[in-house]
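Report on the structure given below.
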Amino acid sequence: MKLTILGCYAATPRTITNPTSQVLEIRNRMFLIDCGEGTQVQLRKNKLKFSKINHIFISHLHGDHFYGLVGLISTFMLLNRQTDLHVYGPKGIKEIILLQLRYSNSFTGYNLYFHELTSKESEIVYEDEKVVVKTIPLKHRIYTNGFLFQEKVGDRKLNVDAVQEYKIDTCYYQKIKNGRDITLDDGTVISNEKLTFDPIQPKSYAFCSDTMYDESIIPIIENCDVLYHETTFLESEADKAEKTMHSTAKQAAAIASKANVKQLIVGHYSTRYDTIDLFRQEAETIYLDVLLADDGKTFEF
């Protein structure tokens with residue numbers, strides 16, 4: 001599981017920072033999460049292939065989280081994209097994007113599908129044979145969702161020495177990895193546990209931005225491997241966090257601790273602070289294992 005931060009600062013873009021956007025690579029899928037201004041440039045800087053992005057998840061309709069979307073969709077058209085593109089986001093996103101495409105006479109030559117979200121309860125919005133994606137309802141000034149990406153349990157791992165000892169033909173290997181027992185020619189049944197090892201433990205990633213402190217998300221993200229949680233403010237500006245329905249670094253750390261997540265990444269920093277290391281320092285008073293997101297930074301788990 002690999003996470004590339006394209007942008008992780010709040011509000012307006014600057015020459016040295018970008019608004020929210022990130023790419024999650026999980027089980028050979030590449031998901032774009034939020035699409036603030038400058039996302040295309042950041043994709044190029046980080047050498048991420050546009051063609052691999054088939055699913056885009058938008059948390060909410062504040063500009064610093066989706067104003068780069070119509071540009072990216074248009075660039076896909078200029079690149080003669082043929083593959084379907086799916087966009088998941090709040091109700092209204094389809095109208096906004098299609099209006100811009102209509103008045104710029106820039107309709108795509110590929111299929112563009114919008115999956116508009118309205119539920120205030122967690123729901124599955126994407127699923128295939130390897131990955132499932134659920135919403136994380138968040139509390140912000142407008143309708144907002146985070147997203148929980150979960151790997152499904154994979155095949156069991158073949159114990160090569162064991163299958164060779166029992167002289168099992170290679171044509172049965174997939175059946176074995178699927179968890180089936182094997183019956184030898186003499187009628188002996190070899191249990192699967194003798195022929196395989198447990199599969200790799202599936203990983204999970206929770207993206208939570210933007211939101212005020214809200215313990216109701218804890219059951220959804222509980223025990224996940226990695227949590228990205230917004231930390232727009234420090235505790236010294238807790239009143240501003242409450243007024244704007246954002247979180248402090250200390251509050252994000254409290255959520256991570258109570259949800260028993262393995263790793264916390266903080267981001268969505270207000271640019272009022274001299275250094276983002278202040279966010280890590282504050283979060284670590286509550287939760288020990290804190291990583292700082294920053295533009296262009298990559299994490300592998």
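Percent of accessible area on the chain owned by carbon and sulfur, 1.4 Å probe?
Carbon-and-sulfur percentage of accessible area, whole number: 47.
LYS157: which lysines have alpha carbons under 20 Å from its alpha carbon, excluding same-chain residues fewer than 8 sequence positions away?
LYS130, LYS167, LYS175, LYS177, LYS194, LYS203
Of the DSSP beta bridges with both residues in the stretch 1-67, give the percent that are antiparallel, rounding to the nearest 5.
75 percent
State the extension gain, in nm to one decimal, for the chain segment bounded by SER106 and GLU222, taking 0.36 nm per residue of separation less the distance between their alpha-carbons.
37.5 nm
When the chain is treated as a GNM, springs tying every alpha-carbon pair under 10 Å, which of ARG156, ARG81, ARG29 comes out with the largest mean-square fluctuation?
ARG156
If you line up the long axis of helix 93-103 against the longest principal axis of the chain, both from Cα atoms, how many degrees apart are they, to the nearest 10?
Result, in degrees: 70.
Applying a 10 Å radius around every beta-carbon, put 137-146, 163-172, 70-79, 41-50 in order of their mean neighbour count, most first.
137-146, 70-79, 41-50, 163-172
What distance in nm lies between label points placed 7 Å from Cα along the C-beta direction at GLU300 and ASN28?
The modelled label-to-label distance comes out at 1.8 nm.
Enter the Cα centre distance for the pair the stretch 182-222 and the stretch 1-17, rounded to the nearest angstrom.
Distance between centres, Cα-based: 31 Å.
For the stretch 114-158, calculate the relative contact order in percent as a whole number, restricting contacts to Cα pairs under 8 Å that are 6 or more residues apart.
29 percent
Using Cα atoms only, what is the angle between the long axis of helix 69-78 and the major principal axis of the chain, expressed in degrees (0 to 90) to the nearest 10?
Compared with the principal axis, the helix lies near 60 degrees.
How would HIS62, HIS246 line up by accessible area, probe 1.4 Å, largest first?
These residues rank, largest area first, as HIS62, HIS246.
Hey, can you grab everything whose amide H is under 5 Å from the amide H of LEU6? Only 5+ residues off in sequence or another chain; H modelled, so Pro and N-termini drop out.
It is SER21, GLN22, VAL23, GLY296, by chain and number.
Loop only by DSSP, 15 or fewer other Cβ within 10 Å of the Cβ. Give me the GluC sites (Glu not before Pro) in the stretch 115-154 that pass, ordered by residue number.
Passing sites in the stretch 115-154 are GLU121, GLU123, GLU129.
Averaged per residue, what accessible surface does the stretch 140-264 expose to a 1.4 Å probe, in Å²?
Accessible area per residue, the stretch 140-264: 50 Å².
The values are calculated or read from the model by the stated rules, or taken from the named source; none is laboratory data. Here the structure is a predicted model, which means the values were calculated and not measured. All Cβ positions, glycine included, derive from the backbone under ideal geometry; neighbour counts span all protein chains shown. To get the accessible areas, we keep the full protein, side chains included, count just its heavy atoms, and leave off ligands, DNA and RNA. Shrake-Rupley method; radii C 1.70, N 1.55, O 1.52, S 1.80 Å.
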